[in-house]
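One structure is given below, encoded as structure tokens.
Here, each number is a calculation from the coordinates, and none is a lab measurement. Given the structure is predicted, the values throughout are model-derived calculations rather than measurements.
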Amino acid sequence: MMELGKEGAFSINVYSPGNLIAQEITINGNVSLGGDVQHNGFSDEQIAQAIRAINGDKKPLNSKQKWAAVYWCLRWYCNFPKNTKEFCDRIDKLPLGELEYECDYNNIRRICSLSFMNEDARHLDKISPSRSEADAYMQCREVVVALAAELGRAALPQVQI
């Protein structure tokens with residue numbers, strides 16, 4: 001059964017004694033599984049964990065300007081808002097706690113408007129930035145690679161030993 005939920009989202013309820021096999025279904029936007037908001041498979045806590053892991057001195061996210069790279073990564077990996085201001089508002093809702101370098105719209109808005117930011121960050125090897133954007137691209141690329149790796153770690157099952 002499919003029904004229109006709040007804010008125009010669809011809710012799909014499946015009543016089945018066995019497994020559900022779905023083919024050719026595309027879902028754009030947030031997906032809620034088991035009550036926890038998911039962003040392309042990552043929960044808010046997993047995203048926050050990944051950000052905390054790369055934030056600080058001697059780590060890839062070592063300045064407020066490098067939050068532009070987090071914007072670029074989360075926009076493509078986790079379907080975060082394309083609008084920079086909305087992105088910053090969304091980051092404020094994550095359970096990040098105290099960070100050494102906080103996200104600030106005024107520090108990233110210019111960088112987020114660079115042309116390479118419109119390229120899919122999941123395909124870094126196919127992006128050719130202009131000469132004028134090459135330095136910014138290399139700095140952002142470092143953060144995207146680190147954040148993507150941390151997202152992968154955060155998504156692994158947590159085992160208590």
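Take every pair of alpha-carbon atoms less than 8 Å apart whose residues are at least six positions apart; their mean separation over the length of the stretch 46-149 yields a relative contact order of 40 percent. Reported value for the stretch 42-155: 90 Å³ per residue, from the convex hull of its C-alpha atoms.
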